[in-house]
Every structure is written in structure tokens, then in C-alpha cells.
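Trainee: Handing you this structure, nothing more for now.
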Amino acid sequence: MATRKPARIFAGIGVGLLILWLLFMSRTAPAAVGIRMADWKGTGLLRNNKPGDVINDVFNASLGFEKIFVVGLPERTDRRDGITLQAAFSDLEFEFIDGISGEKVSDKAIPKTTEHDRLDNGAIGCWRAHMNALQEVVRRNLGSALILEDDADWDVRIRQQLYDMALSSQALIQPLAGTTNSFADKTYRPPPEGPPRESLNSP
């Protein structure tokens with residue numbers, strides 16, 4: 001009996017610490033999600049960038065894209081419920097694009113290939129749904145769009161991650177400080193030397 005008391009004490013301490021940790025996370029988590037562009041100004045992330053810097057676009061409701069589309073079958077209301085809640089939690093705005101069952105796609109509408117026969121209906125339906133989304137991009141003359149499937153998920157820190165990735169990409173493709181032809185990414189090919197390219201807007 002005496003040997004069980006220390007085990008119970010340690011178990012009680014562990015449970016208490018777990019409860020304290022959960023309480024701490026529940027109070028701090030809302031500050032990391034659902035945050036808008038205006039809220040990021042006080043975090044220091046925008047401190048080193050100009051107000052109109054394109055890198056700040058990742059903090060808007062479409063993650064810097066002109067539009068976010070979500071493709072999926074209309075009858076899968078469970079998936080639509082889920083991704084709608086996720087988007088609301090992350091303060092994202094999107095539009096649904098109705099998918100189609102693969103068996104409803106005619107063989108004549110499928111690109112010809114000699115590598116294989118007709119794909120399974122699931123793959124064909126997925127392909128057609130993405131093509132419908134691309135049609136919307138072209139029809140609306142969008143400059144950029146993010147196309148997701150209705151079972152997609154993401155980290156609640158997606159804006160912070162995109163911001164860090166953008167900074168890293170800029171660092172890799174820009175010349176190192178004090179140089180004009182030395183890059184952090186050794187695989188990056190600098191533009192060929194020669195006369196400056198003529199602007200498309202020049203007469």
C-alpha cells in the first residue's frame with residue numbers, strides 16, 4: 001500500500017499540470033487564429049516592410065490570392081460544413097465550385113492518352129472539378145487563385161508560415177548584401193548578361 005501512494009501523488013501532479021497547460025492554451029490560442037490584417041500591425045511582423053509591400057498580402061482574407069475556390073461534390077455536405085468552419089476559424093473567405101461524378105463525364109471530354117485507358121471515376125471527377133475551377137479563373141480574368149479540395153486542412157498559423165516562406169524566398173533569389181551576382185541559393189541561375197530587356201510598355 002505504501003508503494004502506491006507515491007505513484008498516485010505523481011499521477012495527480014501530472015493531471016494537474018495537464019489541466020494547467022490546457023487552460024493556458026485555451027486562453028492563448030484565440031490570439032493566434034482568426035487574426036486580421038489590422039491585428040498583425042502590432043505584432044512586429046510588418047515592422048520591416050513598407051505599407052504597400054506585396055508580402056503583406058498573405059494577411060488578407062484570401063492569403064494574398066485574388067480568390068480562393070474550394071471544389072467538391074454538392075452532396076458532401078459534411079465536408080462543406082468542415083471546411084466552412086475551418087475557414088471561419090482562420091478568417092478566410094472562399095467560394096465553392098461544384099464537382100461532378102466521374103461517371104457523368106463523357107469519354108469525348110477526356111484528353112486522349114496512349115499511356116493508359118480511362119482513369120477511375122474518382123480521378124476523372126476530381127480532374128473535372130479542378131477544370132471547372134480553372135474555367136472560373138479564366139472567365140473572371142483573375143490574376144491569381146488558390147484552388148483547394150473540400151477535405152483540405154491547414155495549420156492555424158498559416159499566415160505566419162506563408163510570411164516566413166515569402167521572406168525566405170526573397171532571401172534566396174536576391175543577391176547577397178554587397179554583391180550583384182552572389183546568391184544564397186547556389187542553384188539559382190542569375191539572369192544572363194547583356195543589354196537590358198525592352199519594356200513591354202515602351203513605344
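Trainee: Tell me, in nm to one decimal, what length is gained between Asp153 and Glu66 on full extension, where the rule is 0.36 nm per residue of separation less the Cα-Cα distance? All intermediate terms of the calculation are to be shown ahead of the outcome.
Mentor: Numbers: separation 87, 0.36 × 87 = 31.32 nm, distance 1.97 nm.
Roughly 29.3 nm would be gained on extension.
Trainee: When N counts the residues of the range 62-156, how does its alpha-carbon radius of gyration compare numerically with 2.2 N^0.38 Å, as a ratio?
Mentor: Details: Rg = 14.7 Å, N = 95, 2.2 N^0.38 = 12.4 Å.
Output field value: 1.18.
Trainee: Could you list Met165, Met131 in order of exposure, starting from the residue whose Cβ has the fewest other Cβ atoms within 10 Å?
Mentor: Numbers: Met165 11, Met131 14.
The most exposed by this proxy come first: Met165, Met131.
Trainee: A further question on this structure: Along Cα→Cβ, 7 Å out, is where each label goes; now give me the distance between the ones at Arg140 and Ala11 in nm to one decimal.
Mentor: 5.6
Since every read-out is calculated from the coordinates, none of them should be taken as a lab result. Note that the structure is a prediction, hence the values are computed from the model and not measured. In this analysis, Cβ positions are derived from the backbone assuming ideal geometry, glycine residues included, and neighbour counts consider all displayed protein chains.
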